[in-house]
1. Need at least 2 residues that are touching a Cys at 6+ places or on another chain (Cβ under 6 Å) per element, so show me which strands (runs of 3 or more DSSP E) inside segment 43-130 make the cut, counting only ones lying wholly within it.
2. With the structure loaded, tell me whether Asp52 is within 16 Å of the ligand (Cβ to nearest atom), surrounded by 16 or more Cβ atoms within 10 Å (Cβ to Cβ) and not polar (S, T, N, Q) or whether it fails that test.
3. Please name all residue pairs, on different chains or six or more residues apart, with Cβ atoms under 6 Å, provided the first residue is in segment 50-71 and is within 15 Å of Val86 (Cβ to Cβ) and the second residue is assigned to a helix (DSSP H, G or I) and near the ligand (Cβ under 10 Å from one of its atoms).
4. Could you grab me the full set of residues in segment 73-93 that are at pLDDT below 95 and surrounded by fewer than 10 Cβ atoms within 10 Å (Cβ to Cβ)?
Amino acid sequence: MGRSVSPKVLVVEDNELNAKLFGDLLKAYNYDVVSTKEGRYAVDLTRKHKPDLIIMDIQLPDVSGLDLARWIKADDELSQIPIMAVTAFAMRADEERVKSAGCEGYMAKPIQIASFIAMVEKLTAPELVQ
Ligand code: MN
């Protein structure tokens, strides 16, 4: 699609199967992937890699993904990076909490591959999608 540079995606996900699935899918669609299982590294990795998108598991063992999203959105240098939250609990209340933490996208696990990629593409190239 004329993309000269692969967008970079930071995946913050402690579940190994999901982390592998997200990474494999993103690489198959020509994204560069940086990932961590530990939320406490997420903000530093965001600062270091300046990803085009962060995929954020909300349920992390060491820190809340919602708190990470709030910290990133409160940082002037990072706040413009879109965050797509993923959570195993597909409940309406989660979607509202995710939005109020500043995340631009929300997806329930288990993910549907087509919807996952569509949301990633939309969030990494918002000007191409109406
Ligand atoms: Mn998790």
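The values are calculated or read from the model by the stated rules, or taken from the named source; none is laboratory data. None of these values were measured; they are calculated from a predicted model. Cβ atoms come from the backbone with ideal geometry, glycine included; neighbour counts cover every protein chain shown.
1. In segment 43-130, the matching strands (runs of 3 or more DSSP E) lie at 83-87.
2. Working: within 16 Å of the ligand (Cβ to nearest atom): no; surrounded by 16 or more Cβ atoms within 10 Å (Cβ to Cβ): yes; not polar (S, T, N, Q): yes.
Here the answer is no, as Asp52 does not meet what is asked.
3. Between residues of segment 50-71 that are within 15 Å of Val86 (Cβ to Cβ) and residues that are assigned to a helix (DSSP H, G or I) and near the ligand (Cβ under 10 Å from one of its atoms), the close pairs are Met56/Gly65; Asp57/Gly65; Ile58/Gly65; Leu60/Gly39; Leu68/Gly39.
4. Once the filter is applied, which keeps residues that are at pLDDT below 95 and surrounded by fewer than 10 Cβ atoms within 10 Å (Cβ to Cβ), segment 73-93 yields Arg92, Ala93.
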